[in-house]
Amino acid sequence: MKRRLIKNKCAQGTFDMSFGMMFSRLLIIFFIVIAFIAIKSFLSTKDCAQVGIFSDNLQKDIDKAWNSQKSNFEFKATLPSGLEYVCFADLLKPDKGSEIDKKIYTEMSIYEQSKANMFLYPREKACNMPYYTIKHINLNQTIESRNPYCIAVKDGSVNIKISKDFNEALVKIS
């Protein structure tokens, strides 16, 4: 009989935890959860910073081309992986181009009153910054064959050709 009591006490002892031990485990779990939330927040901030830096650097390179007599170079940038296209469009003109262009145009048409000419698609992945007004571009020539003129983002990077010939007033995007 004594043997049985000892056996039961040993089994009970493994599940018996002091208040301090339970509290410390709870704190460890709490700190791990907070750490994951903070890491996720920093990563989303990084993506949003990439979008902002992209638009600023694109405008700077377009300004550089606009201020020169002749330019022809490729603008390379990194964007968050969720973005699929960088599009240039005139939302006051009708859409033309492929089916994907028409789908993107339809989604962008809610920004018609914004006077924007550059859009990021899908807009949900653009950190609440889906449209921009880029100065000094020849939008009519850029969207001559397709409105919107969309450039694919591949593996998080985009290449945009910027050009301007002698005696041209604005920069062409292709």
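Descriptive notes on the structure:
- For N117, nonlocal amide neighbours, meaning residues 5 or more places apart or on other chains whose placed amide H falls under 5 Å from its own, are Y132, T133, I134.
- 222 nm mean residue ellipticity, helices alone, for the chain (DSSP H n ≥ 4; -39,500 (n - 2.57); rounded to 500): -15000 deg cm²/dmol
- Mean Kyte hydropathy of 0.0 or more with a Cα span along the axis of at least 30 Å, helices from DSSP in the chain: 19-67
- Contact order for the chain, expressed relative to its length and based on alpha carbon pairs under 8 Å spaced 6+ residues apart, stands at 27 percent.
- Of all accessible heavy-atom area on the chain, the percent that carbon and sulfur account for (1.4 Å): 58 percent
- The chain - share of DSSP beta bridges that are antiparallel (%, nearest 5): 95 percent
- Accessible area per residue in Å² at 1.4 Å probe, computed on the chain: 68 Å²
- For L79, residues with placed amide H under 5 Å, excluding near neighbours: S157, V158
- Label assignment, Rg and Dmax of the Cα atoms in Å derived from the structure, set (1) 27.9, 106; (2) 17.1, 50; (3) 21.5, 65: (1)
- For segment 92-168 versus segment 38-66, the gap between their alpha-carbon centres in whole angstrom: 17 Å
- Peptides 140-153, 89-102, 18-31, ordered by how many other C-beta atoms sit within 10 Å of their residues on average, highest first, read 140-153, 89-102, 18-31.
- Cα gyration tensor category, rounded, prolate or oblate, for segment 67-113 with a/c compared to 1.5: oblate
- Compared with the direct C-alpha span, the chain from F42 to R25 gains 3.5 nm at full extension, assuming 0.36 nm per residue.
- Fully extending the segment from D155 to S109 would add 13.9 nm, taking 0.36 nm per residue of separation and subtracting the current Cα-Cα distance.
The values are calculated or read from the model by the stated rules, or taken from the named source; none is laboratory data. Keep in mind it's a predicted model, so treat the numbers as computed, not measured. All Cβ positions, even for glycine, are placed from backbone atoms using ideal geometry, and neighbour counts span all protein chains on display. Please note that ligands, DNA and RNA were not included when accessible areas were found on the heavy atoms of the full protein model with its side chains. Shrake-Rupley method; radii C 1.70, N 1.55, O 1.52, S 1.80 Å.
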